[in-house]
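Mind looking over this structure? Questions follow.
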Amino acid sequence: MSDQPTDPNDRAGPGRDYLAVNRAWWDERAPLHAGPGSIYDLDAFRRRPDRLHSIESEEVGDVAGRTLLHLQCHIGTDTLSWATRGAIVTGIDFSPPALAVARGLAQELGLADRARFVESDVYGLPDRLDGEFDVVFASWGAIAWLPDVARWFRVAARFARPGGFVYLADGHPTAWIFNDDAATPGDLRVTYPYFTTDGPIAYVGPDISGSYAVPDAPTAHNDTHEWIHPIAWIVQAAIDAGLTVELLHEHTQIPWRMFPFLVGGDDGLYRLPDGMPSIPLSFSLRARKPAGWRGAGRR
Ligand SMILES: C[S@@+](CC[C@H](N)C(=O)[O-])C[C@H]1O[C@@H](n2cnc3c(N)ncnc32)[C@H](O)[C@@H]1O
């Protein structure tokens, strides 16, 4: 891709440390996400600790007895869902309050013997964690927080065992280019560039408080730095990390109300309204580390 910036880590905005800005946003929200009125609804999760959707369930498959590393695990609901299904899980996240919730849930659910949580920035993980895993997993709102998807995949590939795989399910970059406050499909406007060559896509001002999980919560840290990663860059990143892409799917469902007009289903997925021409809302990718893998990718 000729549009690929030469140094994506320089794209975090003038004078702004994207990690500190984003961590402040997440540190403030993690306790709110664990509290009353949040869509995470931890009381319901304690009664039935399995929050996985059909997309990742079917594409990751049976995890019983397998080791699974969950990148950007947030408050641990998905991580512990995999543990409920029999995986031995390690969740990592850069937000201490999120990990505190995750560790507490693991204790409460009797899963602490098969679930550990490590505080780390994704890019710094090779300095914080050893080992290799059968499955390296991330989903639903992960890579938009990182400026360089090629680097993200190099870290993910580092932690897959030869013969194991990296799995990522996330919002589709085509859907991210639109204004997410569109009340009807006709209100959609191309708002953000698909090829983010000159900075983060969203610097959200102090007028937008709360989050997708607690929209009405008053919050103080309301700035974020986020990036759109075009599908070709994502696939190329997996290839360049030395992985073999064996599955790439585009979906017209997504597990959160990305646009107000989406229609929620009993399966926890939101869909386009009947009659609307289709656009992809999410994608999923599974890429395997070759059994004979002997080091970093080609570039
Ligand atoms: C939308 S959440 C992931 C949600 C997850 N699928 C779930 O619902 O459990 C994104 C997570 O990424 C984490 N995060 C963002 N940037 C990060 C970074 N650079 N390193 C590690 N974690 C990061 C945030 O703390 C947050 O917990």
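Bear in mind that the values in this text are calculations on the coordinates, not laboratory data. Note that the structure is predicted; figures quoted are calculated from it, not measured. Neighbour counts are summed over all protein chains in view; Cβ atoms, including those assigned to glycine, are modelled from backbone coordinates with ideal geometry.
So which residue, out of His229, His249, His70, gets the largest mean-square fluctuation from a GNM of the chain using Cα contacts under 10 Å as springs?
Residue with maximal mean-square fluctuation among His229, His249, His70: His249.
Here's a follow-up. Tell me, what is the FRET efficiency for Glu58 and Gln107 to the nearest 0.05, using R0 = 25 angstrom and their Cβ-Cβ distance as r? Before the final figure, lay out each step's value.
Details: r = 30 Å, r/R0 = 1.20.
Working from the Cβ atoms, E equals 0.25.
Kindly rank 19-30, 118-129 from highest to lowest mean number of other beta carbons found within 10 Å of each residue. Could you put the intermediate results ahead of the total?
Values: 19-30: 18.9, 118-129: 15.0.
Those peptides, ordered most packed to least, come out 19-30, 118-129.
With contacts defined as alpha carbon pairs under 8 Å and 6 or more residues apart, what's the relative contact order of the chain in percent? The partial results should precede the final answer.
On the way: 601 pairs, mean separation 58.3, N = 299.
Reported as a whole number, the value is 20 percent.
Could you compute the FRET efficiency for Tyr194 and Asp41, with r as their C-beta to C-beta distance and R0 at 41 Å, rounded to 0.05? Spell out each step's value before the answer.
Working: r = 34 Å, r/R0 = 0.83.
Once rounded, the FRET efficiency stands at 0.75.
Turning to a different aspect of this structure: Taking amide hydrogens as modeled 1.01 Å from N in the peptide plane, which residues meet the under 5 Å criterion relative to Ile88, leaving out close sequence neighbours?
Sorted by chain and number, the residues that satisfy this are Gly65, Arg66, Thr67, Leu68.
When the convex hull of the Cα atoms of the range 91-185 is projected onto a plane and the area is averaged over all directions, what value comes out in nm²?
So the Cα hull casts an average projection of 8.5 nm².
Quick one: if the Förster radius is 51 Å, what FRET efficiency do Ile231 and Glu119 give, using the C-beta to C-beta distance and rounding to 0.05?
Numbers: r = 31 Å, r/R0 = 0.60.
It comes out at approximately 0.95.
Sticking with this structure for a sec: Starting from the 7 Å offset along Cα-to-Cβ, what nm value, one decimal, do you get for the label separation of Arg128 and Asp181?
Result for the modelled spin labels: 3.4 nm.
So if the hydrodynamic radius of the chain is defined as the Kirkwood radius over C-alpha pairs, what does Stokes-Einstein give as its diffusion coefficient at 10 °C and 1.306 mPa s, in µm² per second? Write down the numbers at each step before the final one.
On the way: Rh = 19.7 Å.
The calculation lands on 81 µm²/s.
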